[in-house]
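The values are calculated or read from the model by the stated rules, or taken from the named source; none is laboratory data. Small disclaimer: the values here were computed from a predicted structure and weren't measured. Counting neighbours? That spans all protein chains shown, and the Cβs are built from the backbone with ideal geometry, glycine included. Quick note on the areas: whole protein, heavy atoms, side chains included, nothing else; ligands and nucleic acids left out. Shrake-Rupley method; radii C 1.70, N 1.55, O 1.52, S 1.80 Å.
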Amino acid sequence: MTLWADLLVPLVLAAVALWGVARRVDVYGALSTGAGEGLGVLIKIAPPLVGLLTAVYMLRASGALELAADLLAPVLTVLGIPPETVGLLLVRPVSGSAALGVGAELISAYGPDSLIGRTAAVMLGSTETTFYTVAVYFGAAGIKRTRYTIPAALCADLAGFVAAAWAVRICFG
Amino acid sequence: MAMSVLWSVMVVAALVCGLWTGQSGAVAAAAMEGAAAAVELCLSMAGVLCLWMGVMEVMRRSGLADGLSRLLRPLLGRLYPAFARDDRVMEPLSANISANLLGLGNAATPLGVQAARQMARRTPGVASDALCMLVVCNTASIQLIPTTVASVRAAAGCAAPFDILPAVWLASACSVTAGILAAKLFARLWSAAEGQEGQP
């Protein structure tokens, strides 16, 4: 499994290069053209990310997430989610690195093979950093009116969290 | 608008909670830190983003992207009916899905962004139903091998860090399905509401 992960990137790059050479494509020229476009995309992504991360960092420092966690814990118990994971649940959509930190803490505190440790790991593995993704995609595409994207994406996150808790129970008793 | 409201709520909540918990100083420092972190994040992903957009261009010119999109058309055509015949959207979209399935998260974002930019050409500034679907599918992760989490578990002394795979797949599938259903449902509700307000 780790060998697969190690080999994947070089394999994909080599396969694309070989295929391109075989089809007589100017592989290096195409690579440079595409990479140049990437720089333009990056400049469009940066401003919305500055806004988003400023707010996320402020929210984290203010202790608002901890306050919300205390309020939400009883709701989680009803949904079948271990209330200890509430911090992870709240951070996950806003910050990938913070979620990994909170998750790693849960995993080492309760043990990687405990119910809570496994639930935290599955939650991390089956969801994404929603607000970051929205900011990057819509920033790059120049979208101002996001319509129903955020509520729909949060539905997916919530379903992922509930499913993670239940999946761990089903798979590990 | 949604982002404007959300951003304002986040900032106001941070201010109020900071006062409540006596962390106002930390909140002020965090605002500066966050702004700096955004630029650092952009710089740190610059190389990877450019690389994969370059690879996409090679795939496009060599016909690999076309082959991939023909392979995935039955599925993607159903999810994105408005763009089923648009190669400029379908090719990066197919590459995005393939990268997600392979667990190449770094590659999936630039490819998906490319698809989003092509979709946005039809509806400048407004997220069409297809664009909403694209973002929702990418916020619900579809990676098959969550390597980062596995390494965290291994670091915590886990003997079989990949034993959570079936549970991850089950949860991912539920999350993606819920996202797609929610997007389809909201698309109907939204167009009905916008129709009443007389907006396009």
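Which members of region A:140-156 meet the condition of being surrounded by fewer than 23 Cβ atoms within 10 Å (Cβ to Cβ), assigned to a helix (DSSP H, G or I) and either touching a strand residue (DSSP E or B) at 6+ places or on another chain (Cβ under 8 Å) or in contact (Cβ under 8 Å) with a residue 60 or more places away in the chain (or both)?
Across region A:140-156, the qualifying residue is only A:Leu154.
Could you say which residue among A:Gly173, A:Gly125 is out of contact with any strand residue (DSSP E or B) (no Cβ under 7 Å at 6 or more places or on another chain), among the small types (Gly, Ala, Ser) and buried (at least 22 other Cβ atoms within 10 Å of the Cβ)?
Exactly one of A:Gly173, A:Gly125 is out of contact with any strand residue (DSSP E or B) (no Cβ under 7 Å at 6 or more places or on another chain), among the small types (Gly, Ala, Ser) and buried (at least 22 other Cβ atoms within 10 Å of the Cβ), namely A:Gly125.
Picking from A:Ala109, A:Ala135, A:Ala159, which residue would you name as being farther than 19 Å from B:Leu170 by Cα, without any contact (Cβ under 8 Å) to a residue 12 or more places away in the chain, of a type outside the set (D, E, K, R) and out of contact with any Lys or Arg (no Cβ under 7 Å at 6 or more places or on another chain)? If you could, list the steps in order and put the result at the bottom.
On the way: A:Ala135 fails: without any contact (Cβ under 8 Å) to a residue 12 or more places away in the chain; A:Ala159 fails: farther than 19 Å from B:Leu170 by Cα.
One residue alone meets the criteria, A:Ala109.
Let's see how each residue does on (1) within 30 Å of B:Ala160 (Cα to Cα); (2) within 18 Å of the chain's Cα centre (by Cα):
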| site | (1), (2) |
| --- | --- |
| A:Pro74 | no, no |
| A:Pro112 | yes, no |
| A:Tyr137 | no, yes |
| A:Val162 | yes, yes |
| A:Trp166 | yes, no |
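Can you report the number of residues in region B:27-46 which are in contact with a Gly (Cβ under 9 Å, 6 or more places away or on another chain) and either more than 8 Å from chain A (Cβ to nearest Cβ) or open to solvent by 40 Å² or more (accessible area, probe 1.4 Å) (or both)?
Qualifying residue count, region B:27-46: 1.
Looking at region B:87-113, I want the residues that are under 15 Å from A:Gly38 (Cβ atoms) and have a partner that is of a type in the set (S, T, N, Q) with Cβ atoms under 6 Å, at least 6 apart or on another chain. Which pairs are those?
Matching pairs, first to second residue: B:Pro92/B:Gln114; B:Ala108/B:Asn96; B:Ala108/B:Asn100; B:Leu111/B:Asn96; B:Gly112/B:Asn96; B:Gly112/B:Asn138.
What helices (runs of 4 or more DSSP H) completely inside region A:1-98 contain at least 3 residues that are facing another protein chain (nearest Cβ under 7 Å) and crowded, with 20+ Cβ neighbours inside 10 Å?
A:27-62
Working only within region B:88-119, note down all residues that are facing chain A (nearest Cβ under 7 Å), assigned to a helix (DSSP H, G or I) and either open to solvent by 10 Å² or more (accessible area, probe 1.4 Å) or of a type in the set (D, E, K, R) (or both).
B:Leu102, B:Thr109, B:Arg117
Could you give me the residue pairs with C-beta distances under 6 Å whose first residue belongs to region A:72-99 and is within 20 Å of A:Ala61 (Cα to Cα), whose second residue is among the acidic types (Asp, Glu) wherever it lies, and which are 6+ apart or on separate chains?
Going by the 6 Å Cβ cut-off, the qualifying pairs are A:Pro93/A:Asp157.
Which of the residues that make up region B:178-191 are closer than 15 Å to A:Glu128 by Cβ and more than 7 Å from chain A (Cβ to nearest Cβ)?
If the condition is that a residue be closer than 15 Å to A:Glu128 by Cβ and more than 7 Å from chain A (Cβ to nearest Cβ), then B:Ile180 is the only one that fits.
Looking only at region B:120-158, filter to residues that are open to solvent by less than 30 Å² (accessible area, probe 1.4 Å) and in a loop (DSSP other than H, G, I, E, B); which one of those is modelled with the lowest pLDDT?
Step by step, filter region B:120-158, then rank; the result is B:Ser141.
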